[in-house]
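Structure first, commentary second.
The values are calculated or read from the model by the stated rules, or taken from the named source; none is laboratory data. The shown structure was predicted, so the numbers you read here are calculated from the model rather than taken from an experiment. Virtual Cβ from ideal backbone geometry, glycine too; neighbours counted across all protein chains shown. The area values use the complete protein model at the heavy-atom level, side chains included, leaving out ligands, DNA and RNA. Shrake-Rupley method; radii C 1.70, N 1.55, O 1.52, S 1.80 Å.
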Amino acid sequence: MLAGAPAFLVAVPLNYLLVHQLTMGKPAAYAIVLTLQTTVNFFICRAFVFQSRGPESLLKSFLIFFNGIALFRLADWLVYTTLTNLIGLPFLAVQLFNVALFALLKFEFARRVFEREKAE
């Protein structure tokens with residue numbers, strides 16, 4: 001979870017900036033935030049969290065990681081959108097809730113991606 005901290009620390013202010021300063025819709029703003037977080041987390045996990053093979057499998061690993069995490073993020077986005085737009089909960093509170101809800105699931109998936117990469 002510590003590896004996700006840099007992307008998380010950027011995500012909250014970015015989400016605030018997009019929603020409040022640029023008046024972007026909450027769902028679109030959060031989709032941008034999630035894409036950025038997923039990309040940053042891939043490189044941090046690959047460099048510091050999991051042992052992986054050399055750079056020859058970088059693109060393949062990234063695509064597997066990004067697409068898998070995208071499914072988690074889609075669920076994350078759906079929960080966020082439902083709780084903010086349909087129920088009316090504060091968007092930052094929902095964002096924090098989603099971090100806790102999806103963190104362990106995403107970590108286990110990432111572990112499997114990078115361990116699989118080692119085994120190939």
Tell me, what is the percent relative contact order of the stretch 23-114, built from C-alpha pairs under 8 Å that lie six or more residues apart? 39
Accessible area in square angstrom per residue, the chain, 1.4 angstrom probe: 58
Could you tell me what fraction of 2.2 N^0.38 Å the Cα radius of gyration of the chain comes to, as a two-decimal ratio? 1.11
Viscosity 0.692 mPa s, temperature 37 °C, Stokes-Einstein D of the stretch 60-107 from Kirkwood C-alpha radius, µm²/s: 289
Counting sequence-distant residues (5 or more places) and residues on other chains, those with an amide H built under 5 Å from that of Leu89 are Thr84
Once amide H atoms are built 1.01 Å from N in the peptide plane, which residues 5 or more positions from Met24, or in another chain, come under 5 Å H to H? Val19
Nearest 10 degrees is fine. How inclined is helix 5-16 to the longest principal axis of the chain, computing both from alpha carbons? 30
Which percent of the accessible area of the stretch 58-120 is formed by carbon and sulfur heavy atoms (probe 1.4 angstrom)? 76
Whole-Hz Karplus ³J(HN,Hα) for the stretch 60-69, in order, using 6.51 cos²θ - 1.76 cosθ + 1.60 and θ = phi - 60°, x for Gly and Pro? 4, 4, 4, 5, 4, 4, 4, 5, x, 5
Using a Förster distance of 41 Å, the FRET efficiency for Lys60-Leu89 (Cβ separation, nearest 0.05): 0.60
